[in-house]
1. Just one of Glu53, Glu102, Glu88 is crowded, with 18+ Cβ neighbours inside 10 Å, within 17 Å of Asp134 (Cβ to Cβ) and of a type in the set (D, E, K, R); which is it?
2. Pick out the one residue from Val108, Val77, Val8 that is of a type in the set (A, V, I, L, M, F, W, C) and in contact with a Pro (Cβ under 6 Å, 6 or more places away or on another chain).
3. Which one of these is in a helix (DSSP H, G or I), modelled with pLDDT under 85 and either more than 18 Å from Glu9 (Cα to Cα) or hydrophobic (A, V, I, L, M, F, W, C) (or both): Ile145, Ile150?
4. Applying the selection to the range 192-222, what residues are at pLDDT below 90 and part of a strand (DSSP E or B)?
5. What pairs can you find where one residue is in the range 111-129 and basic (Lys, Arg), the other is part of a helix (DSSP H, G or I), and their Cβ atoms are less than 6 Å apart, with a gap of 6+ or different chains?
6. Identify, from the list Asn116, Asn111, the residue that is under 25 Å from the mean Cα position of the chain (by Cα), more than 28 Å from Glu53 (Cβ to Cβ) and assigned by TED's automatic domain parsing to the domain that holds Lys41.
7. Applying the selection to the range 128-142, what residues are surrounded by fewer than 13 Cβ atoms within 10 Å (Cβ to Cβ) and not in a helix (DSSP H, G or I)?
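The values are calculated or read from the model by the stated rules, or taken from the named source; none is laboratory data. Source: prediction; values computed, not measured. Cβ placement follows ideal geometry from the backbone for every residue including glycine, while neighbour counts extend to all protein chains displayed.
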Amino acid sequence: MADKLIIVESPAKANTIKKFLGGSTKVVASMGHIRDLPKSKIGVNIENDFEPEYINIRGKGDLIKSLKKEASKAKKVYLATDPDREGEAIAWHLAHILEIDEKSQNRVTFNEITKNAVQEAIKNPRTLDKNLIDAQQARRVLDRIVGYQISPLLWKKVRKGLSAGRVQSVAVKLIVDREEEIEKFIPEEYWNIYASLLKQKTKTPFETKFIRKKWKKTRIKK
């Protein structure tokens, strides 16, 4: 029985980290996400505060069973997925699958795969960062809302096979808005007036530009 179980994302990382730790520690990989929104439908309840509907990813059933088995044998489970929003969400999904209390200090992160960094992270676990998790969920939900509702419009109006996303859709909207502004722009002719003058006493030359008339900023138009 392993005293500690560390779950990372990739097998390569798991093999490297295993070399840094003792024989009482087991390191396994989640192979990325184990839960996600269903592919067959939008998977977001728009009428209920945009609640996402997560399911176990098809094809990962055996992996999930293996993770549960290893977690049940370990005295302590550490979720060591990548130190970013995506990694935090994967750790959160793992906690759900393995029935780990979200408020427990099981989350560890390290920005470099070195012995000191890994060992130091294990010594200082923390709770899951809900802000990072929510940020990833918001991105995922936006992907679905935009992609699943706008893509069919593209298939109908442009051609089949095109997909719309939260980034390119906004970019297209910005371009369209800018083009409309350009089309509505009415050019207006105006002039700048400059003068070369001399200081009265020293006769030193200097350049001036007309800006105000009766102390009010004025633009000379046609």
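1. Details: Glu53 fails: crowded, with 18+ Cβ neighbours inside 10 Å; Glu102 fails: crowded, with 18+ Cβ neighbours inside 10 Å.
The conditions single out Glu88.
2. Values: Val77 fails: in contact with a Pro (Cβ under 6 Å, 6 or more places away or on another chain); Val8 fails: in contact with a Pro (Cβ under 6 Å, 6 or more places away or on another chain).
After applying the criteria, what remains is Val108.
3. On the way: Ile145 fails: modelled with pLDDT under 85.
Answer to the selection: Ile150.
4. Arg212, Lys213, Lys216, Lys217, Ile220, Lys221
5. Sorted first by the residue in the range 111-129, then by its partner, the pairs are Lys115/Phe20.
6. On the way: Asn116 fails: under 25 Å from the mean Cα position of the chain (by Cα).
Exactly one residue qualifies, and that residue is Asn111.
7. none
Yes/no matrix, rows are residues, columns are (1) closer than 24 Å to Lys115 by Cβ; (2) acidic (Asp, Glu); (3) touching a helix residue (DSSP H, G or I) at 6+ places or on another chain (Cβ under 9 Å):
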{"position": "Asn15", "(1), (2), (3)": "yes, no, no"}
{"position": "Phe20", "(1), (2), (3)": "yes, no, yes"}
{"position": "His33", "(1), (2), (3)": "no, no, yes"}
{"position": "Phe50", "(1), (2), (3)": "no, no, yes"}
{"position": "Asn56", "(1), (2), (3)": "no, no, yes"}
{"position": "Asp62", "(1), (2), (3)": "no, yes, no"}
